[in-house]
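Engineer: Can you keep this structure in mind? I'll have questions shortly.
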Amino acid sequence: MSAAAPTAGLDEAHGPPLLKVTGLTVKLPVDGTRRAVLRDVSLELRPGEALGLVGESGSGKSMTARAIDRLLPPGAQVDGMITFDGQNVGALSGAQLRAYRLQVAMVFQDPRAHVNPVRRIGDFMTEALRTNRDLPADEARHRAITVLGQVGIEDGDRRLRQYPHELSGGMLQRVMIAAALLTGPRLLLADEPTTALDVITQSEMVAILDDLRRDYGLAMLFITHDLELAAAICDRTAVMYAGQIVEVRSSARLHDDPLHPYTAALAAARPDIAMTVGRLRAIPGRPLSAFEAPTGECAFAPRCAHVQDACRSTPPPLIGLAGGLSRCIRAHELRGRLEAAGA
Amino acid sequence: MTTPATDAWPAQRRGRRAAMLRAIGPLGIVSAVVIVVAIIAAVAGGWFAPDNPDLPNLSLSFVGSTAGHLLGYDFEGRDVLSRLLAGAQSSMLGPIAVVCMSMAGGTLLALVAAWRRGITDTVISSCLDILFAFPGILLAVLAAAVFGAGLWAAAIALSVAYTPYVARVLRGAALKERSLPYVAALEVQGASGTAICRSHIVPNVLPLIVAQATTMIGYAMVDLAAISFLGLGVQPPTPNWGVMIFENEVGIPQGYPLPALAAGTCIVLVVVAFNVLGERLFTYAQAVRR
Amino acid sequence: MLIRFLLRRLVTLAASLLIASFVIFAALYLAPGSPLAALSGGRTLPPASIRVLEARYHLNDSFPVQYWDWLRGALHGDLGVSIVLRENVSALIASRIWTTAGLVLYAAILIVLLGIGLGIVAGLRPGLLDTSTLVLTAVAAAIPAFVAAIMLILAFAVQLRWFPVLGNGTGFLDNVRHFTLPAVALAVSSLAIVARVTRAAVREEQGRDHVQTAISRGIPVRRVILRHVLRNAAIPVTTIAGVTVASLIALAAVVEVAFSLNGLGAYLVASAQDKDLAVVQGISLVLVAAFVVVNLIVDLLYAVLDPRVAAGGRAR
């Protein structure tokens, strides 16, 4: 259970939280048995705020976004509470659920798999508007062209008539972002939106997301495995490991003053373009999913360079510290020393 | 230095076998048993037959089920059960021959087309496209008209008609396999096309080949039985399940359905078994590729 | 784009047809013995008949010339003369073609409506209906048309006496009654296969990522199923339905024989047995042409349904 409120780590208050996740635990049926993929995840987003969610594969970051958007696979068992604007998201159904979905937009990782290949781009973009807001087709198209311009696609009219296979991956992802913005959402869930793209397109896409977020005043949950990327556009960053949140910190201080050994190891593992090293630093072992991690102790203990016996006896709670949160019982004493130590 | 897929570590091989059994499932095992029984009947059915399958005795024509003869007698007074057992041979042999021939031809063409690519591939694919225009039964009827009715004419015609289907599936799989990096690595090392196909590509598409072959035996059985039913395949009085339906169809409106139905049931049972097993093997083959 | 794709398919299929016609014609020469013997089916003929045959089939000309003559004749509707009935083959075909066409159409309607319908329902609703569909179709798919034929004859015509057993019947409604059992027999196994493939396609589409996207945008489930799941599943379903209907063309022969229908298939088989080669060639040509046309229609449908194809892929 969290020992500190998830609001810790905010340097300013923007008002009441838009999205509040409390104690989210998700179990999925895998090969017949229910396995935990998320354990007691809590986070908060204020309106207009950007929170980065960082972790390796299996950490549960995508699953968190899906849980928020009610896109979990059938058979999933969800415990805990997700509220949006005060409403219990889990209790929504029918028209209310659809209204919720108009306010929360998700941008997915692989645009080619996530856009229907047999329908035109115009159809894809305007479908939600025409169905849910009953907008006439011309007006919907007009709006789509405007938003396409904002993501950097100029000949929107022509693009709307094309099919997805006629566009490049980068372009398709811009379309996906534009489509997400069309319904005027208040929260954007970006699930590794740039992972499937090349580096140059990546930076363009991130810049677009950042600009649009500020223009529209959107709250954003930016999911990535790249710590630096998250720090670049998010006010705060949360780090996940084995289905749990292990650190929440303002992005500016995350790199220089990490509060959890895993964060420090992640940051240290990234090769620095300005430096030459004899050997690349890697974290020993491999990232675990929530159901693979040991339960009676700290999930990161098997791979941690600072592990002690106390770490193995009980699962550590989230502790508030220096304006952030950390799930390490040695956080206080390790503060300041985490960056120097590493693999 | 190079390890073909079949040379995997023993643990991996055991794991694969377990995975295959899991994919096949209990239903698949039952199908396999049915197939084995049919094969035994095909090989040794004549010996197990309680009565002489060939000797007509018109006084017993269409007599129904009796104590020693559970399935009764056919239109010429022969014991149906014995005839079914004796007929298993030609009923199974034909389809197996068809599948062997079409798989051999189709696989060869597919491998050549996939390996050489370019013009060879285009030529072979175009030829196969043309073969697609001939339904199997039509080709068999044509062959019967030209060469006279008989099992071999029909079997060869069917194999020719099936070859493009085999080739298409295998060409796709072989092309995918060929584009994998390890093949390029082997080529760079100087291995010849034939060697690479033989030791690497074929073993890796082998599950697909087996699955395809199993399903095709089912189709071949149906088609061959249909041709025999039309009187253009196996000729009476040779025992054969399709022929038995042909011979005994007259009994149905007269109220003696048993011989024809028994033969039909045998066909359906064995074909279902092949289809089910083939389908499961296909799932396994695709899972292995992933 | 679409036009170019269609033209390409048309050319390929025309080439198939041409080569098929060549093979059919060459059958005359593959037969053991001389072409004359093949044409006459091994019967001995008076010299006058022999001369007529030689003139009609240009048997003294070179092979390519004969082929060209035959082909030209075929395109004009002249397919030779039946040795057995001594009438023009084209007339003999024309009188029987509607039987076969009607039968195939009836069976095709059953396959498309029932097979696809069943597959969609089973695919969308997991549970008892789905499992029972799977089992039923597994068995039905293995029942060859002629076995289904005898089972149906036994059940409905002899025991229950609902439908007539043999023959064409007279008048449209009577025809439908007479054709029902044969159409069902013809359709049974194909229906099962189409149902299975449809179910699998629907299931697979439901799990696709783009369906998730649509749901995440708040689009009502019903609309998602119609416009994204079913619409996309239509692609493999059209392919299998098309292939199955095309195969009906040849399979119809078996059912026609079983039910004593006076169709092209039954006539083809009888001619093969009688070694009436001209008839066999003529009917083969017609059937292959029909097969090719059906495939062309399927390719067209496929290209309309899947815009990626026209861009440069092949239909298959």
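The values are calculated or read from the model by the stated rules, or taken from the named source; none is laboratory data. Note that the structure is a prediction, hence the values are computed from the model and not measured. Glycine also receives a Cβ, built like all others from the backbone with ideal geometry; neighbour counts cover every protein chain displayed.
Engineer: For the range A:170-252, list the strands (runs of 3 or more DSSP E) that sit wholly inside it and hold at least 2 residues that are touching a Ser or Thr at 6+ places or on another chain (Cβ under 8 Å) and more than 30 Å from A:Arg133 (Cα to Cα); which are they?
Structural biologist: Where strands (runs of 3 or more DSSP E) fall fully within the range A:170-252 and carry at least 2 residues being touching a Ser or Thr at 6+ places or on another chain (Cβ under 8 Å) and more than 30 Å from A:Arg133 (Cα to Cα), they are A:236-241, A:244-250.
Engineer: Let me ask something additional. Please state which of the following conditions C:Ala233 fails to meet, knowing it meets all the rest: (1) within 13 Å of chain A (Cβ to nearest Cβ); (2) surrounded by fewer than 23 Cβ atoms within 10 Å (Cβ to Cβ); (3) in contact (Cβ under 8 Å) with a residue 12 or more places away in the chain.
Structural biologist: Exception for C:Ala233: condition (2).
Engineer: Now a separate question. Do we have B:Arg117 as crowded, with 19+ Cβ neighbours inside 10 Å and among the basic types (Lys, Arg) here?
Structural biologist: no
Engineer: Considering each of A:Asp134, A:Asp138, A:Asp85 in turn, give the residue that is of a type in the set (Asp, Glu), within 13 Å of chain C (Cβ to nearest Cβ) and either over 22 Å from C:His210 (Cβ atoms) or buried (at least 18 other Cβ atoms within 10 Å of the Cβ) (or both).
Structural biologist: A:Asp134
Engineer: When you look at C:Ala201, is it more than 30 Å from A:Gln96 (Cα to Cα), in contact with a strand residue (DSSP E or B) (Cβ under 9 Å, 6 or more places away or on another chain) and surrounded by 20 or more Cβ atoms within 10 Å (Cβ to Cβ), yes or no?
Structural biologist: Taking the combined requirement at face value, the residue does not satisfy it.
Engineer: Would you call B:Thr194 crowded, with 17+ Cβ neighbours inside 10 Å and β-branched (Val, Ile, Thr)?
Structural biologist: In short, no.
Engineer: Please find, among A:Ala105, A:Ala99, the residue that is touching a Pro at 6+ places or on another chain (Cβ under 6 Å) and within 9 Å of chain C (Cβ to nearest Cβ).
Structural biologist: Checking each option against the conditions leaves just A:Ala105.
Engineer: Residue by residue through the range A:107-131, note down the ones that are over 24 Å from the mean Cα position of the chain (by Cα), of a type in the set (A, V, I, L, M) and not in a helix (DSSP H, G or I).
Structural biologist: A:Val118
Engineer: Given (1) surrounded by 18 or more Cβ atoms within 10 Å (Cβ to Cβ); (2) farther than 23 Å from A:Asp211 by Cβ; (3) aliphatic (A, V, I, L, M), where does A:Ala113 come up short, assuming only one miss?
Structural biologist: With (1) surrounded by 18 or more Cβ atoms within 10 Å (Cβ to Cβ); (2) farther than 23 Å from A:Asp211 by Cβ; (3) aliphatic (A, V, I, L, M) applied to A:Ala113, the lone miss is (1).
Engineer: Taking C:Arg227 as meeting all but one of (1) surrounded by fewer than 24 Cβ atoms within 10 Å (Cβ to Cβ); (2) more than 10 Å from every other protein chain (Cβ to nearest Cβ), write down the number of the exception.
Structural biologist: (2)
Engineer: Just to verify a result, which residue in the range C:99-139, among those that are aliphatic (A, V, I, L, M), within 14 Å of chain B (Cβ to nearest Cβ) and more than 21 Å from the chain's Cα centre (by Cα), is surrounded by the fewest Cβ atoms within 10 Å (Cβ to Cβ)?
Structural biologist: C:Val135
Engineer: Can you name the condition, by its number, that A:Asp134 falls short on among (1) touching a strand residue (DSSP E or B) at 6+ places or on another chain (Cβ under 9 Å); (2) assigned to a loop (DSSP other than H, G, I, E, B); (3) of a type in the set (Asp, Glu)?
Structural biologist: (1)
Engineer: Please find, within the range B:118-132, the residue that is farthest from the other protein chains (Cβ to nearest Cβ) out of those that are closer than 10 Å to B:Arg171 by Cβ and of a type outside the set (A, V, I, L, M).
Structural biologist: For the range B:118-132, the residue satisfying everything is B:Asp121.
Engineer: Only one of C:Ser284, C:Ser271 is in contact (Cβ under 8 Å) with a residue 40 or more places away in the chain, assigned to a helix (DSSP H, G or I) and under 27 Å from B:Ala167 (Cβ atoms). Can you tell me which?
Structural biologist: Checking each option against the conditions leaves just C:Ser284.
Engineer: Hey, another quick one. Since C:Val294 meets every condition but one in (1) buried (at least 18 other Cβ atoms within 10 Å of the Cβ); (2) at pLDDT 90 or above, which condition does it not meet?
Structural biologist: Among (1) buried (at least 18 other Cβ atoms within 10 Å of the Cβ); (2) at pLDDT 90 or above, C:Val294 violates only (2).
Engineer: May I pose another question? Can you pull out every residue in the range B:201-244 that is crowded, with 21+ Cβ neighbours inside 10 Å and out of contact with any helix residue (DSSP H, G or I) (no Cβ under 7 Å at 6 or more places or on another chain)?
Structural biologist: Hit for the range B:201-244 is B:Tyr219, nothing else.
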